[in-house]
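Inspection log for the structure reproduced underneath, given as structure tokens.
The values are calculated or read from the model by the stated rules, or taken from the named source; none is laboratory data. Just so it is clear, the structure is predicted and the values come from calculations on it, not from any experiment. Cβ: placed from backbone, ideal geometry, glycine included. Neighbour counts: every protein chain shown.
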Amino acid sequence: HKRLLRDCFASLAMTTEIFIDATQRAQAIGLQIAIEHMRRRKPHTTGVAIWQLNDCWPSISWSVIDYYGTPKCAYAELQQLYSPVLASFDYSMMPRRAGEIVRGNLWLINDWRTAFENVELRAELNGQETYSRRVNLAPDSSEKIDALAVTLGEGENILRLIVRDGAHEPLIDAVKKL
């Protein structure tokens, strides 16, 4: 593990701020992977508890709010992940380069006991629409909707998954960093 960490961070002029940002992003991504996986398993798994909301003294920990009451990066991620309607992209997470294709499955999770008719599921990669489909969303459900393949661009790649109800009101606008 030491060699892997050294190789990953060898090119960075590591400052405390860069290290803190990297660890907070890693925490948010870790929570995203676990919570989305569990929510897709509905009805076999119907709840996920977060350990350590806040710190009781200054420390380096997995809390999502530090001792001083400042939310960490994962706090905003949790707000998205626990939305009653969630759009999820299930794909193999591995290092990739520009021009490579990321393939996965699009899921919709609905925790409401109400169905949503004719909702629009839209995917955008770096601001460009890559997918759009209308579906009916059953109450209290998790459903694999379709496959999605996107070609990565240069630099950071942002996938937005937007779900709008029949009246075009947003149910979720989720941002994923690929």
Note to self: So ILE101 passes all but one of these: (1) closer than 20 Å to LEU31 by Cβ; (2) in contact with a strand residue (DSSP E or B) (Cβ under 7 Å, 6 or more places away or on another chain). Which condition number does it fail?
What the structure shows: (1)
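Each row is one residue, and each column tells you yes or no for (1) of a type in the set (D, E, K, R); (2) at pLDDT 95 or above; (3) in contact with a Pro (Cβ under 8 Å, 6 or more places away or on another chain); (4) farther than 30 Å from THR151 by Cβ.
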{"site": "MET14", "(1), (2), (3), (4)": "no, no, no, yes"}
{"site": "ARG25", "(1), (2), (3), (4)": "yes, no, no, no"}
{"site": "ALA49", "(1), (2), (3), (4)": "no, no, no, yes"}
{"site": "CYS56", "(1), (2), (3), (4)": "no, no, no, yes"}
{"site": "VAL64", "(1), (2), (3), (4)": "no, no, yes, yes"}
{"site": "SER88", "(1), (2), (3), (4)": "no, yes, no, no"}
{"site": "MET93", "(1), (2), (3), (4)": "no, no, no, no"}
{"site": "GLY104", "(1), (2), (3), (4)": "no, yes, no, no"}
{"site": "LEU108", "(1), (2), (3), (4)": "no, yes, no, no"}
Notebook entry, point to check: Could you count how many residues in segment 53-89 are over 17 Å from ALA34 (Cα atoms) and polar (S, T, N, Q)?
Noted result: 4
Note to self: Return the residues of segment 150-166 that are surrounded by 14 or more Cβ atoms within 10 Å (Cβ to Cβ) and either of a type in the set (Val, Ile, Thr) or in a loop (DSSP other than H, G, I, E, B) (or both); say none if nothing qualifies.
What the structure shows: VAL150, LEU152, GLY153, ASN157, ILE158, ILE162, VAL163, ASP165
Notebook entry, point to check: For segment 63-78, does any single residue satisfy the condition of being of a type outside the set (A, V, I, L, M, F, W, C), under 28 Å from VAL119 (Cβ atoms) and in contact (Cβ under 8 Å) with a residue 24 or more places away in the chain?
Noted result: yes
